[in-house]
Each structure stands twice: as C-alpha cells, then as structure tokens.
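Below is one structure; the comments refer to it alone.
The values are calculated or read from the model by the stated rules, or taken from the named source; none is laboratory data. These numbers come from a predicted model, not from an experiment. We place every Cβ from the backbone using ideal geometry, glycine too, and count neighbours over all the protein chains shown.
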C-alpha cells in the first residue's frame, strides 16, 4: 500500500503535530520528505522496523524518557538482522512481549527524529503474546483510537501522523 497523499491527510487528521514544534529541531524542512531527496547527500539511509499492533480498533503506542511524543514500538535493523528478527528483539527488549504473527503493511521514507538522517520505515502488522511491561527506553505505553488521535489526546511523531495513521484510518483499522 502506498502512503496517503498530503491533501487527504488534512481531511483525515486535523491539526497534525509538527515534529519541529515538539522537538524544537533546528531545521527548516519537514521531517517527512520526498523520497527522491532523502538520501541524496550521503547515499546512506537508516532502516527502522515498526510494529503496528492493533486491538479493538486501537493502536499500541509508546513513549520514552522525555515523554513528548508517541510512536510505534520497533527499532533500527542491525547489519546482519532480518526485519522480523529485529522486531522480535525490540519488542522483547522494550515491552517484554513475544510476536505471534507478523505481516508487512506499509513503508515510507522520513528523517530520524533526533539525528535527521534519512530513514526508511517498514511497518508490519503484528500480533503479540504476553503482558506488556515497558523496559529499556520505553517509559509509557497506551492503546489509542482514531478519536484519541484526532482529539490530540497524545502527540505523535510527525511521520507516524502523516504516513501510518491515515493509512490505518483508510483501512478502517482504527
């Protein structure tokens, strides 16, 4: 599936949280960029895998130490690591859960929230087993509905808000 066009995003989600506002980054471009320009300066692109975990039309989102924004659990893929192995490792380390099933969902390109390096995000629909217990850099988690997101109950990273959430709404997963 392809990411939703920017015009549709405004219709689906009012008042998207801007990464620049939340993180007070010192750059003048959006964190979500045209894929053709993301890696052109360095030729290097980070790869992140993301677990999209849905339960009763709510998505599992996590936050870390600064607790300013929420994102989907996951992490950077190691050099000799498959996407699935990375998600298994990250979900165990961060939430203490195991993966029951995994299915590719969408992917998009953005910039890393802290380093601004070009990054490709691969999102997978994941089912988990076990009691969620935040560990490592995760300090809080919660289950959030489309209404929670639209009403800004939490602030999301810009790339999650601009790419993943609209697709979940279109697919009626939220």
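Scanning the stretch 149-160 for residues being in contact with a strand residue (DSSP E or B) (Cβ under 8 Å, 6 or more places away or on another chain) and farther than 20 Å from residue 123 by Cα gives a total of 2.
Just so you know, in the stretch 129-146 the residues that are under 10 Å from residue 94 (Cα atoms) and out of contact with any strand residue (DSSP E or B) (no Cβ under 7 Å at 6 or more places or on another chain) include one that is modelled with the lowest pLDDT, and it is 136. Inclusion of residue 133 among residues that are surrounded by fewer than 14 Cβ atoms within 10 Å (Cβ to Cβ) and either under 23 Å from residue 48 (Cα atoms) or free of Cβ contacts under 8 Å to residues at least 60 places away in the same chain (or both) is warranted. Applying the criterion of being free of Cβ contacts under 8 Å to residues at least 60 places away in the same chain and surrounded by fewer than 14 Cβ atoms within 10 Å (Cβ to Cβ) to the residues of the stretch 67-83, the residue that is nearest to the chain's Cα centre (by Cα) is 76. For the structure I just gave you, tell me whether residue 144 is surrounded by 13 or more Cβ atoms within 10 Å (Cβ to Cβ), under 20 Å from residue 77 (Cβ atoms) and touching a residue at least 12 places away in the same chain (Cβ under 8 Å). It is false that residue 144 is surrounded by 13 or more Cβ atoms within 10 Å (Cβ to Cβ), under 20 Å from residue 77 (Cβ atoms) and touching a residue at least 12 places away in the same chain (Cβ under 8 Å).
Do we have any residue at all in the stretch 43-54 that's assigned to a loop (DSSP other than H, G, I, E, B), within 21 Å of residue 171 (Cβ to Cβ), at pLDDT 80 or above and in contact with a helix residue (DSSP H, G or I) (Cβ under 7 Å, 6 or more places away or on another chain)? No, every residue in the stretch 43-54 fails to be assigned to a loop (DSSP other than H, G, I, E, B), within 21 Å of residue 171 (Cβ to Cβ), at pLDDT 80 or above and in contact with a helix residue (DSSP H, G or I) (Cβ under 7 Å, 6 or more places away or on another chain). Could you list all residues from the stretch 71-108 that are touching a strand residue (DSSP E or B) at 6+ places or on another chain (Cβ under 6 Å) and at pLDDT below 95? Those that are touching a strand residue (DSSP E or B) at 6+ places or on another chain (Cβ under 6 Å) and at pLDDT below 95: 76, 77.
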